[in-house]
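The values are calculated or read from the model by the stated rules, or taken from the named source; none is laboratory data. Computed from a predicted model, the values in this text were never measured in an experiment. Neighbour counts are summed over all protein chains in view; Cβ atoms, including those assigned to glycine, are modelled from backbone coordinates with ideal geometry. Note: accessible area is taken over every heavy atom of the protein model, side chains too, but ligands, DNA and RNA are not part of it. Shrake-Rupley method; radii C 1.70, N 1.55, O 1.52, S 1.80 Å.
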Amino acid sequence: MKETLRGFKMDEVGNEPTEVQEVFDWYRENFGFVPNLSKVLSASPAALRSYWLTQLELSKHGLLTPAEHNIIQMSIAVENKCKYCTSGHQMAGVQFFGSEEEDLIAIRNEGTIPSSKFDALRSFTLEVYRNKGRISDQVLESFLAEGYTKPQAVEVITNIGVKVMSNLTNQLTMTEVEEPFAPLSEGLFEDVLN
C-alpha cells in the first residue's frame, strides 16, 4: 500500500465504499487521475465528500468565475505555504480554470496580479483570511469598487474554507505531489516542513 511520509493511505485499494468510489470516478472522468489529496481524504468519506461537494457547488452555482475561484484558492495555498496545492492550482489554473499564467506566477511569487480586479480579489481574500473575517469597511468597499458584490464576498469565504481543509490535510499528512505538477513544486517553501 502506498502511503504518505507520515503513514496516511495514498492509493486506491479497489474496494472503496460507494461514496468514495463515486468521487474517485468523477476525478478520473474529469481530470484523468485521482489526486493524492483525494486518496488521503478518502480515509474519512465525510472529509472527502465535504471537500469534493464544496468544490462542485462552487463550480456549478458559484457567483465567481472558475479563474476567480482559482485565484482565491491559490492565494490561500501560498499564504499557508502548501506546496501540493500551490503547484496543483498553478497547473490546473491554466489547464482547467482559464487562469492566465502571468496571474498565477504573480500569486506564487506574492507579487501584484496584472489585472487590478483580480489583484483586488487576492488582496481581499488575504485580508479576510488573515483577520478572520474582521475587515474594515474600507477593505470591503475597495473590493466592491472593483465590481464585486457582497454575495461574492461571502463566496470568497467558502473558497477559503475549502482550501484551508486541503492545505491543512496536506501539511498534516505530508501528501506527495503528483508527477504532472511536481516540477512546479520544486523550490517552493523550502523553509517549511512540507
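The loop-placed trypsin sites (Lys or Arg not before Pro) in the stretch 82-153, going by DSSP, that have at most 11 neighbouring Cβ atoms within 10 Å of their Cβ come out as Lys132, Arg134.
Projecting the Cα atoms of Ser116, Gly147, Gly133 onto the charge dipole of the chain, computed from C-beta unit charges around the Cα centre, puts Gly133 farthest toward the positive end. Computed over protein heavy atoms with a 1.4 Å probe, the carbon and sulfur contribution to the accessible area of the chain reaches 53%.
Express in nm, to one decimal, how much length is gained between Thr112 and Arg134 on full extension, taking 0.36 nm for each residue of separation and deducting their alpha carbon distance.
Values: separation 22, 0.36 × 22 = 7.92 nm, distance 2.33 nm.
Result for the pair: 5.6 nm of gain on full extension.
Straight-line reach from Lys83: taking Cα to Cα under 30 Å and skipping same-chain neighbours fewer than 8 places apart, the lysines in range are Lys2, Lys9, Lys39, Lys60, Lys117, Lys132, Lys163.
When +1 charges are put on Lys and Arg Cβ atoms and -1 charges on Asp and Glu Cβ atoms, the dipole computed for the stretch 59-148 relative to its Cα centre reaches about 440 debye.
Helix 83-95 axis versus longest C-alpha principal axis of the chain: approximately 70°, rounded to the nearest ten. The distance between label points at Glu100 and Ile157 comes to 3.0 nm (points 7 Å beyond Cα on the Cα→Cβ vector).
Loop sites by DSSP among the GluC sites (Glu not before Pro) of the chain, restricted to those with at most 14 other Cβ atoms within 10 angstrom, leave 1-109 as the longest stretch without any of them. Simple point charges give the picture: +1 on the Cβ of Lys and Arg, -1 on the Cβ of Asp and Glu, and for the chain a dipole about the Cα centre of about 540 debye.
So how much slack lies between Leu172 and Ser142, counting 0.36 nm per residue of separation and subtracting their Cα-Cα distance, in nm? Display every interim value, and only then the final one.
Numbers: separation 30, 0.36 × 30 = 10.80 nm, distance 3.52 nm.
Roughly 7.3 nm would be gained on extension.
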